[in-house]
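> One structure coming up, written as structure tokens, with questions to follow.
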Amino acid sequence: MKIIDLRSDTVTKPSLAMRKVMAEAEVGDDVFGDDPTVNRLERLAAEMLGTEDAVFATSGTQSNLIGVMSHCRRGDELIVGTNGHIYKYEAGGTAVLGSIWPQPLDNEPDGTLDLAKVATMVKVDDYHYARTRLLCLENTQYGRVLPLPYFGEAAACARKHNLKLHLDGARVFNACVKQKVDVKEISSHFDSISICLTKGLGAPAGSLLCGSRELVKEARRVRKMLGGGMRQSGILAAAGIYALENNIARLAEDHANADLLAEGLSEIDEVTVDHAMVQTNMVFISMKESTVPKLVDFLKKRDIWCLDELPMRLATHLDVNEEDLNKVIETFKEYFSQRS
Ligand SMILES: *Cc1c(COP(=O)(O)O)cnc(C)c1O
């Protein structure tokens, strides 16, 4: 039986075609700068994002941390959303490893940060305060696509307050596909952009930090410090190149599948679908709290894996198709019909 895993879009397994390019990748020692496949991936990412350079990192967490630590020094501060991955899901790394203090700000309902509120968070030059240096945004944010005009406004705000601007673009290609724009229309507003190869793009490991030549030079030092200097990592980079070349346009299928799932589940009285959040490949649903563990168990026995959380996030990706999602909808309906 095929397992239908909706816990995250990180669960995808490399396809045969991806494994083939990995097996055949030309490699060298990347710490010496000798791995031709890593170099090719970094050039490709920089070209796509329109930045001068890019550096291959082990994970999105590392790529964000490298970005923050390259922009900021010990005792500096970054402004970040309370729902931002950098603030909430990276074990406090900016503070723990960088001595860089996060100033959190609640995300607006559309996933943005209110720039008027950002301005009030920027500290004046006074020795009581940390030095505010960086503003971090995220796109997509919980599957939501930030509006395009917002990026220019955010960049103007950052310039006005002498801040650098970083994008956690783990799923920025989902946003581009949804808005039908080239990624440069988003990336051009930022001083650094982190992209993940392991989410919807389907690679087994790796992220890239993209930015100016100067920033990436510093980033390579920080990456080494954090233990992210890899050796014959061309094997992983080959998967990344394959992902960037083959798996972006097809994200539209994941978005269509999320719509299908949202529509199907909204037919169940006991389930509430948050329709405003269904913009790319994620569906958020809620139900009575005590139902969740029982439902998750019921689904698991039928080879459907979901997280025991409320609201429950269901992610669509490369390894689930329309037929799988119809099975998911039917299985949800079966659970609730037995209990009404
Ligand atoms: C997944 C993710 C990351 C990075 O996660 P890793 O698991 O460390 O690769 C960063 N930001 C966002 C928004 C993410 O979804």
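> Helix 251-265: angle to the longest alpha-carbon principal axis of the chain, degrees 0 to 90, nearest 10?
Computed tilt is about 40 degrees.
> Now for a different question. Roughly speaking, to the nearest percent, how much of the range 244-340's 1.4 Å accessible area is carbon and sulfur?
On the way: 2150 of 4670 Å².
The value for the range 244-340 is 46 percent carbon and sulfur by accessible area.
> Kindly sort S59, S192 by accessible area of their heavy atoms, largest first, with the probe set to 1.4 Å.
Working: S59 40, S192 0 Å².
The residues order as S59, S192, largest area first.
> Return a whole-number percent for the relative contact order of the range 219-340, with Cα pairs under 8 Å and 6 or more residues apart as the contact set.
It comes to 24 percent, rounded to a whole number.
> So which trypsin sites (Lys or Arg not before Pro) in the range 179-275 are both in a DSSP loop and have at most 12 other Cβ atoms within 10 Å of their Cβ?
On the way: sites: K180, K184, K199, R213, K217, R220, R221, R223, K224, R231, R250; in loops: K180, K199, R231, R250.
Of the trypsin sites (Lys or Arg not before Pro), the ones in loops of the range 179-275 whose Cβ has at most 12 other Cβ atoms within 10 Å are K180.
> I need the calculated FRET efficiency for the pair D106 and N39, taking r as the beta carbon distance and R₀ as 41 Å, to the nearest 0.05.
Working: r = 41 Å, r/R0 = 1.00.
With R0 = 41 Å, the Cβ-Cβ based efficiency is 0.50.
> What relative contact order, as a whole-number percentage, does the chain give when Cα pairs under 8 Å and 6 or more residues apart are counted? All intermediate terms of the calculation are to be shown ahead of the outcome.
Numbers: 670 pairs, mean separation 85.9, N = 340.
After rounding, I find 25 percent.
> Same structure again: Y87 accessible area, nearest 10 Å², 1.4 Å probe?
90
> Still on this structure: For L208, L236, give the ranking by accessible area with the largest first, probe 1.4 Å.
Working: L208 0, L236 45 Å².
If we order L208, L236 from most to least accessible, we get L236, L208.
> Something else about it: How much of the accessible area of the range 94-234, in percent, comes from carbon and sulfur atoms when a 1.4 Å probe is used? Display every interim value, and only then the final one.
Values: 3260 of 6340 Å².
The C+S portion of the solvent-accessible surface of the range 94-234 is 51 percent.
> Let me know the volume per residue of the alpha-carbon convex hull for the range 9-55, in Å³.
Working: hull volume 5.1 nm³, N = 47.
Value for the range 9-55: 109 Å³ per residue.
> About the Cα centre of the chain, how large is the charge dipole given +1 on each Lys and Arg Cβ and -1 on each Asp and Glu Cβ? Please answer in debye to the nearest 20. Could you put the intermediate results ahead of the total?
On the way: 40 positive and 49 negative charges, 171 e Å.
That gives the chain a dipole magnitude of about 820 debye.
> Right, here's the next one. Under 1.5 on a/c is rounded, so check that first for the range 1-106, then, if it is not, pick prolate when a/b is larger than b/c and oblate when it is not; a ≥ b ≥ c are the square roots of the alpha carbon gyration tensor eigenvalues. Let's see the in-between values first.
Numbers: a/c = 2.54, a/b = 1.35, b/c = 1.88.
Taking the square roots of the gyration eigenvalues as a ≥ b ≥ c, the range 1-106 is oblate.
> Taking the DSSP beta bridges in the chain as the whole, what percent of them are antiparallel, to the nearest 5? List each step's numbers first, then the result.
Numbers: 17 of 37 bridges.
Antiparallel bridges: around 45 percent, rounded to the nearest 5.
> Another question about this same structure. Please state, to two decimals, what the Cα-based radius of gyration of the range 259-312 comes to when divided by 2.2 N^0.38 Å (N = residues). Don't skip to the end; give the middle numbers.
Working: Rg = 11.0 Å, N = 54, 2.2 N^0.38 = 10.0 Å.
The reported ratio for this selection is 1.10.
> Here is a further query. Not counting ligands, DNA or RNA, and with a 1.4 Å probe, what is M225's accessible surface area in Å² rounded to the nearest 10?
M225 exposes around 130 Å² with every protein chain in place.
> Percent antiparallel among DSSP beta bridges with both residues in the range 90-205, to the nearest 5?
Values: 1 of 10 bridges.
Counting only bridges with both partners in the range 90-205, antiparallel ones make up about 10 percent.
> Taking the Cα atoms only, what angle lies between the long axis of helix 36-49 and the longest principal axis of the chain, rounded to 10 degrees?
80
> Gain in length, R231 to D297, computed as 0.36 nm per residue apart minus the alpha-carbon separation, to one decimal in nm?
Length difference between fully extended and current span is 19.6 nm.
> Which whole-number value in Å² is the accessible area per residue of the range 191-322, probe 1.4 Å?
Numbers: 5540 Å² over 132 residues.
On a per-residue basis, 42 Å².
> While we're looking at this one, here's another question. Classify the range 184-238: rounded, prolate or oblate, from the alpha-carbon gyration tensor (a ≥ b ≥ c, eigenvalue square roots; a/c under 1.5 rounded; otherwise prolate if a/b is larger than b/c)?
Values: a/c = 2.43, a/b = 1.11, b/c = 2.19.
Judged from the Cα gyration tensor, the range 184-238 comes out oblate (a/c at least 1.5, b/c at or above a/b).
> With 23 Å as the limit, write out which pairs from K180/K327; K2/K327; K2/K288 have Cα-Cα distances beyond it, or answer none.
Where the Cα-Cα span goes over 23 Å, the pairs concerned are K180/K327; K2/K288.
> Multiplying the sequence separation of V124 and A91 by 0.36 nm and subtracting their Cα-Cα distance, what value in nm do you get? Write down the numbers at each step before the final one.
On the way: separation 33, 0.36 × 33 = 11.88 nm, distance 2.81 nm.
So the chain would gain 9.1 nm between V124 and A91.
> Taking the Cα atoms only, what angle lies between the long axis of helix 213-225 and the longest principal axis of the chain, rounded to 10 degrees?
It is inclined by approximately 70 degrees.
> So, in nm, how far is label N83 from label K117 when the simple model puts each one 7 Å beyond its Cα toward the Cβ?
For N83 paired with K117, the spin-label model returns 1.1 nm.
> Which of rounded, prolate or oblate describes the chain when judged by the alpha-carbon gyration tensor and an a/c cut-off of 1.5?
On the way: a/c = 2.02, a/b = 1.31, b/c = 1.54.
Oblate shape, in that a/c is at least 1.5 and b/c is the bigger or equal ratio.
> Which lysines does K178 reach when only Cα atoms under 19 Å apart count, and residues fewer than 8 places away in its own chain are ignored?
K199
The values are calculated or read from the model by the stated rules, or taken from the named source; none is laboratory data. Everything quoted here is computed from the prediction, not taken from an experiment. For neighbour counting, all protein chains shown are included, and Cβ atoms are generated from backbone atoms with ideal geometry for every residue, glycine included. What goes into the accessible areas is simple: the full protein's heavy atoms, side chains included, and nothing from ligands, DNA or RNA. Shrake-Rupley method; radii C 1.70, N 1.55, O 1.52, S 1.80 Å.
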